Structure formats: structure tokens, C-alpha cells
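Since the structure comes first, as C-alpha cells, the remarks are kept for the end.
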Amino acid sequence: MTIASAALLLFLILDPLGNIPVFLSILRNLSPKRQRIVLARELLIALGVLMVFLWVGKHALEVMHLRQESVSIAGGIVLFLIGLRMIFPPPEGLMGELPGGEPFIVPLAVPLVAGPSGMAAVMLMGTREPDRLWEWSLALLVAWGATAAILFCAPYLYRLLGARALTAVERLMGMLLVAISVQMLLDGLASYLGGLPPV
């Protein structure tokens, strides 16, 4: 796998276009300046998490006695709850009461940008070809940079589409997010059950 193909793969996994409605929903009560600050912070945290998983992810999971399936199932549960709240938003907003009125780490950095699939992908790259870690790091930086550029353009889409269209897109993406989260749960369970010894 070349650096370019690895970067394209990671870009598709990070799914910035699919994340736009969620980011807009969570950040829309903040001022434009604060939105950019929070977005930059969350993207940098996501990059840090993915880099850690690329370089030491497998060893970290072994130390904590966690399996990759656990990460997938946990991420699926979080995304499922977020998806439900996008379809049926509570009066206090998508994420409920947030400290300072803004998200921190969950759910924007993890699991929306640095999700279980992204963590698994970089872990797999680092495990299969550990001698190319610097190349994989470059591929991750390229994919992350493209993701960041798209997400920073998200507020302009809000002004272009308007509140009514954004609400409709938010409900639709909530339904898709529920479907994706269920698939993540099923994949994690299937992988776990497949690894059990036969009875």
C-alpha cells in the first residue's frame, strides 16, 4: 500500500462529509469564533488519539487487557445514543448539558473523527508493517488535514442550507448513524464470538 492509497483509505474511514451534520448540530449554539476554536481543539485531540493508536495502540490494549472488539462495541453504543438524540432531540440539545456549553473529547474527537474503525485501521497498518510507521504517520496527517479542511467549511453550509434544511439533514444522518452504530455493535460481537473456543 502506498502513502497516497493509505491516506485515501483513512480519509474515507474518517468520513468528514458524514460528520458535518453532527458537528453543526453540536456546535450551532456557539459563536463562530468559538466554533472554530472548539473544532480545532477536537480535531487535534482526534489526531493525537489516532497517532497513539498507530504507534502504541496494540500494546496499550494488551496492557489494559482490552480487545479490539471492546473498542468497537463501546463506540457503537455511544454512536447509537447520539443517533437517537439526533432523530429525537431533547429540549436541552443534542448533547444535553455540557460544561461551558461545549463538547470536550466526546463525541466530536472520539468516536466521530477518531472512531473504532479509524483506530482499528491505523493499528492494523502499524502492526502489519511496523517498519513503515513514519509513512503511515504521513498518510494519517494527509487524511486528517483533508478532514479538517472539510469540517472547517461546515458552518458555511449552515448559512447556505438554512435551519430547516439542516434539521432535515440532521434527522436523516441520525437514522444513518443508528444504522452504522448497530453495524459496529454487530461487527464487534461477531468478531468476539468468532474468537471464542468451540464448545
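Test VAL71 against the stated conditions and say whether it is farther than 25 Å from LEU172 by Cα, assigned to a helix (DSSP H, G or I), modelled with pLDDT under 80 and not charged (D, E, K, R). Yes: the conditions hold for VAL71. Do the conditions hold for VAL178, that is, is it β-branched (Val, Ile, Thr), open to solvent by less than 80 Å² (accessible area, probe 1.4 Å) and farther than 18 Å from ARG28 by Cα? Yes, satisfied.
Looking only at segment 146-158, residues that are modelled with pLDDT of 85 or more, open to solvent by 50 Å² or more (accessible area, probe 1.4 Å) and either polar (S, T, N, Q) or part of a helix (DSSP H, G or I) (or both) come to 2 in all.
Take LEU17 and tell me if it is open to solvent by 10 Å² or more (accessible area, probe 1.4 Å), out of contact with any His (no Cβ under 9 Å at 6 or more places or on another chain), assigned to a helix (DSSP H, G or I) and modelled with pLDDT of 80 or more. In short, no. If you go through segment 76-97 and keep only what is at pLDDT 75 or above and out of contact with any helix residue (DSSP H, G or I) (no Cβ under 6 Å at 6 or more places or on another chain), you end up with ILE77, LEU81, LEU84, ARG85, PHE88. Among the residues making up segment 20-53, those that are surrounded by fewer than 16 Cβ atoms within 10 Å (Cβ to Cβ) and assigned to a helix (DSSP H, G or I) are PRO32, LYS33, ARG34, ARG36, ILE37, ALA40, LEU44, GLY48, VAL52. Screening segment 112-145 for residues that are of a type in the set (D, E, K, R) and part of a helix (DSSP H, G or I) and picking the one that is surrounded by the fewest Cβ atoms within 10 Å (Cβ to Cβ) gives ASP131.
The values are calculated or read from the model by the stated rules, or taken from the named source; none is laboratory data. Since the structure is predicted, the reported quantities are computational estimates derived from the model, not experimental observations. Backbone-built Cβ (ideal geometry, glycine too); neighbour counts: all protein chains shown. Surface accessibility is based on the protein's heavy atoms, side chains included, excluding ligands, DNA and RNA. Shrake-Rupley method; radii C 1.70, N 1.55, O 1.52, S 1.80 Å.
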